[in-house]
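Only one structure is covered here, and it is reproduced in the block below.
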Amino acid sequence: MHQSDGIFEPTKWMDLKVGDIVKVEKDEFFPADLILLSSSYEEAICYVETMNLDGETNLKLKQASDVTSSLHDDASFQDFKATIRCEDPNANLYSFVGSLELGDEQYPLSPQQLLLRDSKLRNTDYIFGVVIFTGRDTKVIQNSTEPPSKRSKIEKRMDNIVYFLFAVLVGLSIIGSIFFGIETREDLENGKMRRWYLRPDDTTIYYNPKRAAVAAILQFLTALMLYSYLIPISLYVSIEIVKVLQSIFINQDLHMYHEETDKPAHARTSNLNEELGQVDTILSDKTGTLTCNSMEFIKCSIAGTSYGHGITEVERALAWRKGSPLAREVPEINGQVEEFKKEKPLVKGFNFVDERIMNGNWLNEPHGDVIQKFLRLLAICHTAIPEVDEETGRISYEAESPDEAAFVVAARE
């Protein structure tokens, strides 16, 4: 958050107030609803991942207003003062109406400049923004509901068993108290003591034949205490201990590890261990919902000729399951493929292998001019932005969607 004299210091989300200017760096979540002022790009654009809001994995392109797009460094906010007038807090994620007053001029604001809390900054080194909504006023909190209580089938079944056992306990106590009351009332009959060892002629209220109803009620409460061992309260504790141990084993399982993201399994709760893997219903609204959205350039058709001998991971896995040699190699042309892969390291998004086009051999093809135009279109018609790795010097392309990045990488290779 901007403190004074162009100095930004780390600040907790809870300490942010409306009107504060904040600096958010790459791969960080926005701490509140912000208006984009500028970014690390000269065009004052940034890419935002809104997966937590709408489930979309494609990045959204945001662009700051022209009047503030020149504020690229910390010191430029030393004397920056402006006024923002906007709508009241509401739950609509896709609309925003407001204006920015800078000097005597007013500049319109739209959803193109709105950065919502719980979305993440991607493919951009940093952005500067001003806080407009915080806490309960943010749109994501306005849309939030109370999370449902997640309980496993074992706990629900145990609850039903405990209810049944409690009903049995009450039933036994009621029956016992009724018989106790009858026996107590008839203890003294014609001066004779039927239960002489209890001395009903010289007793407290508990065995007093003259107050048998009160004695029955006291016997009911006593029976509840005596028969309470029917309810297995300790079973809940035992099962919870077992579940905690299971979650520890899950956290330490080396086989449950994702190499690409370098993330092991992490059990955040021990309530649903026995529910893992038991898929009951799958709801899907489109084909992209259940995919990992990873795009690779494998094959293409140019001037009626098909190029590309690469195989996808799905084809490789299917062949491995069927025992086909495709799982280990590509038939006939495998010699070329394996040699080519040994020469060049694997590139993310590029799985294209064809010696007719690679290494400049496309010049010898009968439609070389068409191939050149095809690759030129892939290299030009896109919205990807190059990003240079300072350590290795390698250029990577940041795009709104992974398919655009795959096309540009293919044109480069």
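The values are calculated or read from the model by the stated rules, or taken from the named source; none is laboratory data. It should be emphasised that the depicted structure is a prediction, and the values quoted were computed from it without experimental measurement. Virtual Cβ from ideal backbone geometry, glycine too; neighbours counted across all protein chains shown. Just so you know, the surface numbers come from the protein's heavy atoms only, side chains and all, with ligands and any DNA or RNA stripped out. Shrake-Rupley method; radii C 1.70, N 1.55, O 1.52, S 1.80 Å.
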Quiz item: Which order do Met295, Met14, Met158 take by accessible area at a 1.4 Å probe, largest first?
Solution: Met14, Met295, Met158
Exercise. Step through the residues of region 21-30 one at a time and calculate ³J(HN,Hα) from phi using the Karplus curve (6.51 cos²θ - 1.76 cosθ + 1.60, θ = phi - 60°), rounding each to whole Hz and writing x for Gly and Pro.
Key: 9, 10, 10, 10, 9, 4, 6, 9, 7, 6
Exercise. Distance between Cα centroids, region 101-177 to region 248-286: provide it in whole Å.
Key: 21 Å
Quiz item: Which label belongs to the value computed from this structure, given these candidates for volume of the Cα convex hull per residue in Å³: [x] 147; [y] 189; [z] 275?
Solution: [z]
Self-check item: Cα-based shape type of region 2-143, given that a ≥ b ≥ c are square roots of the gyration tensor eigenvalues and the cut on a/c is 1.5
Solution: rounded
Quiz item: List the aspartates and glutamates whose alpha-carbon lies under 17 Å from that of Lys348, not counting same-chain residues fewer than 8 positions away?
Solution: Glu259, Glu260, Asp262, Glu296, Glu313, Glu387, Asp389, Glu398, Glu400, Asp403, Glu404, Glu413
Self-check item: 1.4 Å probe accessible area per residue over the chain, in Å²
Solution: 66 Å²
Self-check item: Anisotropy class of region 120-176 from Cα gyration tensor, a/c 1.5 cut
Solution: prolate
Quiz prompt | Protein accessible area in the chain, 1.4 Å probe - carbon and sulfur % | solution = 55 percent
Exercise. Can you sort Lys139, Lys81 by 1.4 Å-probe accessible area, starting with the largest?
Key: Lys81, Lys139
Self-check item: Total charge dipole magnitude, the chain, about the Cα centre, Cβ charges on Lys, Arg, Asp, Glu only, Debye to nearest 20
Solution: 2640 debye
Quiz item: Taking amide H positions as placed 1.01 Å from N in the peptide plane, with prolines and chain starts having none, which residues 5 or more places from Ser38, or on another chain, fall under 5 Å of its amide H?
Solution: Phe128
Quiz item: Taking chymotrypsin sites (Phe, Trp or Tyr not before Pro) that fall in a DSSP loop and have at most 15 other Cβ atoms within 10 Å as cut points, what is the longest piece of the chain between them?
Solution: 95-413
Practice problem: Take the cross-link list Lys17/Lys150; Lys12/Lys139; Lys156/Lys243 and give me the ones stretching past 26 Å between alpha-carbons. | Solution: Lys17/Lys150
Quiz item: Given springs between every Cα pair under 10 Å in a Gaussian network model of the chain, which of Met51, Met256, Met358 has the largest fluctuation?
Solution: Met256
